[in-house]
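Asks: Before we start, here is the structure in question, set down as structure tokens.
The values are calculated or read from the model by the stated rules, or taken from the named source; none is laboratory data. Treat the numbers as computed from the prediction; the structure is a model and nothing was measured. Cβ placement follows ideal geometry from the backbone for every residue including glycine, while neighbour counts extend to all protein chains displayed.
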Amino acid sequence: MTLLDGKLLSEQIKAELAAEVEQIKLQGGKIPHLAAIIVGENPASQVYVSSKIRSCEQVGFKSSLVRCEAATTQEELLAIVQKLNNDPDVDGFIVQLPLPKHIDEEAVTLAIDPKKDVDGFHPVNFGRMAQGLPAFLPATPMGILEILRRYNIETSGKHCVVLGRSNIVGTPISILLSRKGYPGDCTVTLTHSRTKDLPAEVRRADILVAAIGIPEFVKADWVKEGAVVIDVGINRIPDESKKSGTRIAGDVDFEGVAPHCSFITPVPGGVGLMTVAALMMNTLKACKGEIYGK
Ligand code: BQF
């Protein structure tokens with residue numbers, strides 16, 4: 001069993017990005033600029049957005065954080081989105097999810113200029129991704145592809161089983177792994193809450209992507225010997241042995257499953273860090289006009 005080390009890979013990627021930013025600076029080019037909007041005080045969101053800003057500093061990007069109180073109206077938020085759409089210095093921006101209940105996430109996502117949509121959530125980017133056109137890929141699926149690529153994991157002809165059909169992870173990774181090329185050319189099964197015999201489906205997986213949001217859901221006897229397991233889950237569960245009283249668990253029962261795997265991502269230190277690294281990659285692409293031209 002080999003650990004798929006998201007910390008190592010994300011640091012590698014950030015070092016590569018930092019070197020490229022250095023070159024841009026030497027040549028007097030535009031410095032990549034990522035902006036983030038956060039609404040309210042969700043503690044997990046605060047941590048996520050801080051780590052994105054910190055990553056910008058590490059790679060030499062400019063960053064801006066727009067903090068809005070929880071009571072911000074949808075109209076006020078849409079006005080901030082328009083401002084960032086029209087700010088020529090901002091190459092890309094994100095609206096940190098989840099948003100407070102009184103704001104329609106879909107309306108906000110639709111308002112983002114697809115050319116600045118470095119989270120890849122706008123339906124234009126989703127549609128372009130699905131058709132294999134240049135697009136900003138959503139950060140978590142892109143991070144997963146980068147893990148497969150950087151560990152040279154064979155994907156062609158493999159049976160990939162995806163748990164969960166969210167717009168942000170399950171659905172896009174199932175599309176990306178089924179398309180032509182590397183990483184890709186998989187035969188994909190997308191499973192969800194109405195799937196009849198989930199353990200039976202999971203047992204067919206050469207590559208398993210678990211993005212269901214239930215702690216330690218995937219059990220040892222569901223996993224085929226030698227499978228590659230990508231655990232997208234970030235679940236906080238009670239643990240009396242911890243100072244905080246909680247720990248973070250993935251969607252996979254790591255202790256039980258790991259001995260059966262050829263490769264497996266840890267939680268924490270796996271896919272989550274790659275999500276942030278992928279966002280940085282997208283921001284540089286936005287700055288260079290790699291997807292939509294300059
Ligand atoms: C790790 C996210 C659910 C809802 C909204 C490293 C992150 C997480 C975990 C991170 C996530 C999850 C992010 C680890 C960004 C990934 O070592 O396990 C990094 O910062 N993420 C987000 O911005 O919004 C979310 C999950």
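Asks: What pairs can you find where one residue is in the range 267-294 and of a type in the set (S, T, Y), the other is assigned to a helix (DSSP H, G or I), and their Cβ atoms are less than 7 Å apart, with a gap of 6+ or different chains?
Replies: Every condition considered, the pairs that remain are T275/A139; T275/T140; T275/G143; Y292/K115.
Asks: Can you find even one residue in the range 202-213 that is closer than 23 Å to T265 by Cβ, without any contact (Cβ under 8 Å) to a residue 40 or more places away in the chain and either crowded, with 21+ Cβ neighbours inside 10 Å or in contact with a Leu (Cβ under 8 Å, 6 or more places away or on another chain) (or both)?
Replies: no
Asks: Looking at (1) modelled with pLDDT of 95 or more; (2) within 16 Å of the ligand (Cβ to nearest atom); (3) farther than 20 Å from K7 by Cα, which is the one condition that is false for V223?
Replies: Answer for V223: the failing condition is (2).
Asks: Still on this structure, please answer the following. Tell me, which residue of the range 49-83 that is touching a helix residue (DSSP H, G or I) at 6+ places or on another chain (Cβ under 8 Å) and within 11 Å of the ligand (Cβ to nearest atom) is nearest to A107 (Cα to Cα)?
Replies: Checking each candidate, the answer is K52.
Asks: Can you tell me which residues in the range 144-163 are in a helix (DSSP H, G or I), touching a helix residue (DSSP H, G or I) at 6+ places or on another chain (Cβ under 7 Å) and within 19 Å of L190 (Cβ to Cβ)?
Replies: Across the range 144-163, the qualifying residues are I144, L145.
Asks: From the list P123, P98, pick out the single residue that is out of contact with any helix residue (DSSP H, G or I) (no Cβ under 6 Å at 6 or more places or on another chain), within 16 Å of the ligand (Cβ to nearest atom), of a type outside the set (D, E, K, R) and closer than 14 Å to N167 by Cβ.
Replies: P98
Asks: Within the range 274-286, is even one residue away from the ligand (no atom under 15 Å from the Cβ) and surrounded by fewer than 17 Cβ atoms within 10 Å (Cβ to Cβ)?
Replies: no
Asks: Okay, next question. Which residues, counting only those in the range 238-277, are of a type in the set (A, V, I, L, M), under 15 Å from the mean Cα position of the chain (by Cα) and either at pLDDT below 95 or not in a loop (DSSP other than H, G, I, E, B) (or both)?
Replies: If the condition is that a residue be of a type in the set (A, V, I, L, M), under 15 Å from the mean Cα position of the chain (by Cα) and either at pLDDT below 95 or not in a loop (DSSP other than H, G, I, E, B) (or both), then V271, L273, M274, V276, A277 are the ones that fit.
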